[in-house]
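Working notes, structure below.
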Amino acid sequence: MLAASPLRPPAIGRGQVSAVRDDRLLFQGADWDFDTLRRIHDACGEIATGELGLSLYPTRIEVISAEQMLDAYAANGMPVLYRHWSFGKRFARHETMYRKGFQGLAYEIVINSSPCLCYVMEENTATMQALVIAHAAYGHNHFFRNNHLFLEWTDAHGILDYLEFARGYIMNCEDKYGEAAVERVLDAAHALSSQGVFRVPRRRIPDLASEERRERERRQHEERIYDDLWRTIPGPRNAPAAKAEEARRRALLQLPQENILYFLEKTAPRLRPWQREILRIVRHVEQYFYPQRQTKVMNEGCATWVHHRIMTRLHEQGRLTDGQYLEFLHSHTNVVFQPTFDDPRYGGINPYALGFAMMEDIARIATAPDEEDRAWFPGLAGCGDAEGALREAWANHRDDSFIAQYLSPRLMRKLRMFHLADDDREEELRVNAIHDERGYRRLRRALSRQYDIGHVDPDIQVEDVDLIGDRRLILHHRVLERQLLEPDEARAVLQHLADLWGYGVLLREVDATTGAVLREHHAGARPGIVE
C-alpha cells in the first residue's frame, strides 16, 4: 500500500511568506494515499452526476503495479482469463518494449462490468490519478452503462462470473485431456474469433452468470441435434420431397450462417462436447469486445471530454492548483495530439483527437452556433443543452453513424481533412473531396465508412455443406470493391477451420455485385484436432 508523505511546513526565513494550506484542495504535491483517491473520486462524482448528468455503474478502483498492467495488456485488459500461450507472448513483447523505453504504459484500464473495474497505476501522481478516475471511472463508465451497443451485446453484471467459469473450465479440460489438446482447439478458435460474432441481434443477450449450469443442459440438446442431422442423410426422392428435405436441412444447419464459431459449435460432426464448450467460450469473449471495436472514437471521445470538463471544473472550484491543472493539461494535450499526414509520427487518425474534437464541436453547436451550423444541424444548433445533446449521441450511435451524423464542415476545416482516392487501376492518386459543399458530404461519408465494421471486416458466411458426398464445408466471401483476402493468411485460417470441422473446406470469394467467383481457397482436415 502506498502512503502519502506527511506535509511539512517550509522553514520561514527573512523576507519569506509562509504558505497556508487551502482546505479546498483535494491534495498537495504528487504523493497520494487511498484517502486521497476517495476524495478525488467523490469530488469527480459531484460534477459528473450533478452537473453533467451521467448515470453510472457502481465503481471499484484498484491500484496495480507496472507488471500487473503488463499482465492486463496480455489478457486484453480482462481481470480474469483462461491461459493461452499467445497471452504470454504478448506479455513478453510489451515487457521488453517497456523495459527498453520504446513504449509507455496506459495510465489506467477500465472494465465494462458491474461494478465497473478501474485499474490505476501506482506510479501515477495524484494529479494523474484524478485524471484517470475522471476519464475511466466516470467517462468510460457512463458510456458502458448507456450506449445501446453495450446494452444489446454485453452482460456487464455477469461477465466477471463468466470469465471465472471459463478459466476454471479450461483448466479442468487441461487436466482431463492434456494441455496440448486444449491448446490446439484454442489456437484454431482464436484464429477464427473475428468471424465468431453475431453482427445482428438474434435474441436477448445471454445470462453469462448461469453458463456453468446451462453447459450441462446444452450438451444434451446438442447431442440430440447431432443425431437428427447426421443420421438422416437425404437420399433420392421426388422433387417436392427433395425440396422440403433441403429446406429442413438448411434450417437445422441455420444456413447461411455468419457466425462461424457458432456454426462449428452446433454442427461440427466430430467435435467432442468439451471442445464445443471451448468454442463457445472464445466466441462469448469475442462478442463481449464487439461493441468496443465499433465505438473506439465515441468511447474515448466521451471519456476525454468528461475528464476535461471535470478537471476544469475542479480547477475553477479551487480544488486543483494552477500547477496541478497545468500538469493535467500537459497530459491531456499529448493524448489529443493529431500529427498531420506528412508528419513522421502520423499513424492514422487519433481516435482521442477526433472523438474529443467532435464532442467539443457538438457542445459549441448546441450553445453558440453560426449560420453554417444552423443549416447543417437544424435540430441541434442553439438547443442550449450541450450535456443533453452529448448524452443522446453517446447513447444512440456507434462510430460510423456518429461521424455521419455529427462531423461538421467547421471541424473538417479545423482538422484540415481531405479525401484521397487510391485506386489500383489508376496511375495517380486523386483528391476526391475538398472544402466545398459537395466535398464536405463526400468526406464525411468516406470517413464514416472507414469506421463501419460491416465495410471493414470481410463478410464470410457458411453457405452450404455437402452431406451426401464428402461432407465438405462451403463458405462464401462477399467481395466489396475488389478487396480480396490475402491468399496466405486466408489459407492459414482456413486450415484451422478445416481442423475443427473434421473434413475439407472450400472458400469461394464472390463478387458482391455480379456473383462471379473471383478466387477459391481449399483446405483439408489434419489429424490430431478432433477424433
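Quick look at the values:
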read-out: Subset tally (residues that are within 23 Å of GLY388 (Cα to Cα) and among the charged types (D, E, K, R)) for region 125-175; value: 2
read-out: Filtered residue count, region 399-414, keeping only those that are more than 25 Å from the chain's Cα centre (by Cα) and either of a type in the set (Asp, Glu) or in a loop (DSSP other than H, G, I, E, B) (or both); value: 1
read-out: Test: residue in region 163-180 that is within 30 Å of ALA303 (Cα to Cα) and either surrounded by fewer than 18 Cβ atoms within 10 Å (Cβ to Cβ) or at pLDDT 95 or above (or both); value: yes
read-out: Check on GLU286, at pLDDT below 95 and buried (at least 18 other Cβ atoms within 10 Å of the Cβ); value: yes
read-out: Residues (at pLDDT 95 or above and more than 22 Å from the chain's Cα centre (by Cα)) located in region 334-369; value: GLU360, ASP361, ILE362, ALA363, ARG364, ILE365, ALA366, THR367, ALA368, PRO369
read-out: Subset of region 386-414 (residues that are of a type in the set (Phe, Trp, Tyr) and under 25 Å from GLY439 (Cβ atoms)); value: PHE402, TYR406
read-out: Among residues of region 508-521, those that are outside any loop (DSSP other than H, G, I, E, B), exposed (fewer than 13 other Cβ atoms within 10 Å of the Cβ) and within 32 Å of the chain's Cα centre (by Cα), counted; value: 1
read-out: Qualifying residue in region 321-342 (condition: charged (D, E, K, R) and not assigned by TED's automatic domain parsing to the domain that holds GLU437); value: yes
read-out: Checklist (1) of a type outside the set (Asp, Glu); (2) over 17 Å from GLY139 (Cβ atoms); (3) touching a helix residue (DSSP H, G or I) at 6+ places or on another chain (Cβ under 8 Å) applied to ALA393, failing item; value: (2)
read-out: Helices (runs of 4 or more DSSP H) wholly inside region 236-347 containing at least 3 residues that are within 23 Å of LEU52 (Cβ to Cβ) and not β-branched (Val, Ile, Thr); value: 296-316, 322-335
read-out: Yes/no for GLU481 being on the phi > 0 side of the Ramachandran plot and either of a type outside the set (Asp, Glu) or without any contact (Cβ under 8 Å) to a residue 12 or more places away in the chain (or both); value: yes
read-out: Condition check for LEU261: within 23 Å of LEU467 (Cβ to Cβ), modelled with pLDDT under 90 and crowded, with 17+ Cβ neighbours inside 10 Å; value: no
read-out: Scope region 419-472; condition in contact (Cβ under 8 Å) with a residue 40 or more places away in the chain and hydrophobic (A, V, I, L, M, F, W, C); matching residues; value: LEU447, ILE453, ILE460, VAL462, VAL465, LEU467, ILE468
read-out: Cross-chain or 6+ apart pairs with Cβ under 6 Å, region 327-338 first and more than 18 Å from PHE27 (Cα to Cα), then not in a helix (DSSP H, G or I) and not β-branched (Val, Ile, Thr); value: GLN338/ASN350
read-out: Residue match in region 476-486 (condition: under 29 Å from ILE349 (Cβ atoms) and basic (Lys, Arg)); value: yes
read-out: Region 470-484 - residue that is in contact with a Phe, Trp or Tyr (Cβ under 7 Å, 6 or more places away or on another chain) and not in a strand (DSSP E or B) and, of those, nearest to GLU509 (Cα to Cα); value: ARG472
read-out: Pair list, Cβ < 6 Å and 6+ apart or interchain, from region 519-531 residues that are more than 15 Å from LEU473 (Cβ to Cβ) and hydroxyl-bearing (Ser, Thr, Tyr) to residues that are at pLDDT 85 or above and not in a loop (DSSP other than H, G, I, E, B); value: none
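Here is a yes/no grid of residues against (1) free of Cβ contacts under 8 Å to residues at least 40 places away in the same chain; (2) in contact with a strand residue (DSSP E or B) (Cβ under 8 Å, 6 or more places away or on another chain); (3) among the polar types (S, T, N, Q); (4) within 16 Å of TYR288 (Cβ to Cβ):
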site	(1), (2), (3), (4)
ALA134	no, no, no, no
GLY139	no, no, no, no
GLU152	no, no, no, yes
HIS157	no, no, no, yes
ARG167	no, no, no, yes
ASN172	yes, no, yes, no
VAL185	no, no, no, no
SER193	no, no, yes, yes
GLY196	no, no, no, yes
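The values are calculated or read from the model by the stated rules, or taken from the named source; none is laboratory data. No experiment lies behind these values; they were computed from the predicted model shown. Methodologically, a virtual Cβ is constructed for each residue, glycine included, from the backbone with ideal geometry; neighbour enumeration extends over all protein chains shown.
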